[in-house]
Amino acid sequence: MSDHSGFSGMGVILAFVGGAAAGAVAAMLLAPKSGVETRKDIKHFASEGAERAARIPGAIREAYNQGSELAKDTFSEAYKQGDHSIVKNKV
């Protein structure tokens, strides 16, 4: 039975990342540093976050491609070994 709680996996991940970013910014703003140092830290933090976020689509695409290839290979191997029950049930 599937769970329809209304929360998607990606939504939960984005909420977590957003909360972590907000917490980090709040910590920087409340830290006993000068304004110049705090702005420098925030710029550095934002730059790192942007670099990491830019790599996410490529990583997702690579994981999808690997999973797709594995599924194709597994199906092909099962078919070659004579396990045609999947195909027979569909016909």
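A few points about this structure:
- Among residues of the stretch 51-78, those that are within 19 Å of G9 (Cα to Cα) and of a type in the set (D, E), counted: 1
- Options F75, F45, F7; residue that is modelled with pLDDT of 85 or more and among the aromatic types (F, W, Y): F75
- Restricting the first member to the stretch 68-89 and to residues that are among the hydrophobic types (A, V, I, L, M, F, W, C), and the second to residues that are modelled with pLDDT of 85 or more, the beta-carbon pairs closer than 9 Å and six or more apart or on different chains are I86/F75.
- Subset of the stretch 48-73 (residues that are more than 28 Å from A20 (Cβ to Cβ) and basic (K, R)): K72
The values are calculated or read from the model by the stated rules, or taken from the named source; none is laboratory data. In this text the structure is predicted, and so the values were computed from the model without any measurement. Using ideal geometry, Cβ is built from the backbone for each residue, glycine included, and neighbour counts are taken over all protein chains shown.
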